[in-house]
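In what follows, a single structure is set out as structure tokens and then discussed.
Just so it is clear, none of the values below were taken in a lab; they were calculated from the coordinates. The structure presented is a predicted model; accordingly, all values stated were derived computationally and were not measured. Cβ placement follows ideal geometry from the backbone for every residue including glycine, while neighbour counts extend to all protein chains displayed.
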């Protein structure tokens, strides 16, 4: 068995779907075992995450010079400034590592800064854990958010990405606040989480993943956790078919009835205006970009950009951030760790490949591949 490929099967409406496990059944199981340490909230878990990202993404984790915590002046942070976080141990560290691997992002979570009319600084985010342990959209005072970040056992690395002055000049702060307040309390956007990643038939799945394996996992998960599965993908797949209430089996049957393959169904772009059973659905980064959209940052392409199609990588590659290091606050980085953005926390020097390089355009990120280790992105995909 050792060197042979394994074969998995998924029974569908019209027979059997066969998919190849390139590493064989044993190799695939060993790969899963390799993943388990990523979720350990220990030094071993952190080492496992760093090693995984170095091996599969070519990341390099250079130690930063002290201090690892910036001496932040809140008055230098403005509405719309973007926060990119990279957690490297524990439950969220492991989850983010896998997210980074499939999407090509070198960060795993995002938040955004807002100032109110009194000059108080706040942080808005989708994915804030409330008192009930639910992941929701929330806006919290900066001091509270920063204190939690400093105590976070996942050892986060955090970058502040200030908006470019020209972009900030057209940022409609009142529209941004209106949008954020309308979303507070809504759940994290699990409905569209996987669909910002899957854009193409075959060029978004790092081996041994493919669309058939994704469908098989969906089928198994539906049996074990039917409510969770419905939240994660059933509603979103119904949206793509224009149907309501179909379970996964019904979705597969309907897809085949229309002469469409399941992998084609997965690539249909998410639409920002879709309303799910619990309201509009936005992941951490889609929430920020939807706020940017309302605030006018994407003009004149506002109506032709679906921000729910963006990954974190897509967001930090947008050419909307400060490009003059001389204008960055003096406390941004240590003397020996000069970056084109502000790293405000972290043991390791953050990398954001192709940061601030792509001008917004119509229908962006609706058909982009994301294969490791280069994650090469065609122009205007």
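Miscellaneous remarks
- More than 15 angstrom apart: percent of Cα pairs within region 240-312: 62 percent
- Relative contact order computed over the chain (Cα-Cα under 8 Å; 6+ residues apart), in percent: 22 percent
- Fewest-first ordering of 332, 284 by other beta carbons within 10 Å of each residue's beta carbon gives 332, 284.
- Modelled this way, with points 7 Å down the Cα-to-C-beta line, the labels at residue 51 and residue 184 are 4.5 nm from one another.
- Rg/Rh for region 224-362 stands at 1.10; both radii use Cα atoms, and Rh follows the Kirkwood definition.
- Approximate shape of the chain as ellipsoid semi-axes (Cα gyration tensor, √5λ), whole Å, largest first: 35, 25, 19
- Helices in the chain, meaning DSSP H runs of at least 4 residues, each add -39500 (n - 2.57). Divided by all residues, the mean residue ellipticity at 222 nm is -9500 deg cm²/dmol.
- When 62, 354, 366 are sorted by how many other C-beta atoms sit within 10 angstrom of their C-beta, beginning with the fewest, the order is 62, 354, 366.
- GNM top mover of 90, 119, 104 - the chain, alpha-carbon springs below 10 Å: 119
- Secondary structure note: in the chain, about 95% of the DSSP beta bridges are antiparallel.
- Angle of helix 211-224 to the longest C-alpha principal axis of the chain, folded into 0 to 90 degrees and rounded to 10: 90°.
- Ascending count of other beta-carbon atoms within 10 Å, so fewest first, for 115, 151: 151, 115
- Max-minus-min Cα coordinates of region 147-284 on each principal axis give 51, 34, 29 Å, with the largest extent listed first.
- Convex hull of Cα atoms in region 272-324, direction-averaged projection (nm²): 4.1 nm²
- Semi-axes of the equivalent ellipsoid for region 195-276, computed as √(5λ) from the eigenvalues of its C-alpha gyration tensor and ordered from largest down, come to 18, 16, 13 Å.
- Rounded to 10°, Cα long-axis angle of helix 43-57 versus longest principal axis of the chain: 80 degrees
- A straight chain from residue 379 to residue 44 at 0.36 nm per residue would run longer than the Cα-Cα distance by 116.7 nm.
- Relative to the longest principal axis of the Cα atoms of the chain, the long axis of helix 142-151 makes an angle of roughly 60 degrees.
- Averaged over residues, the count of other Cβ atoms within 10 Å places the peptides 81-89, 68-76 in the sequence 81-89, 68-76, highest first.
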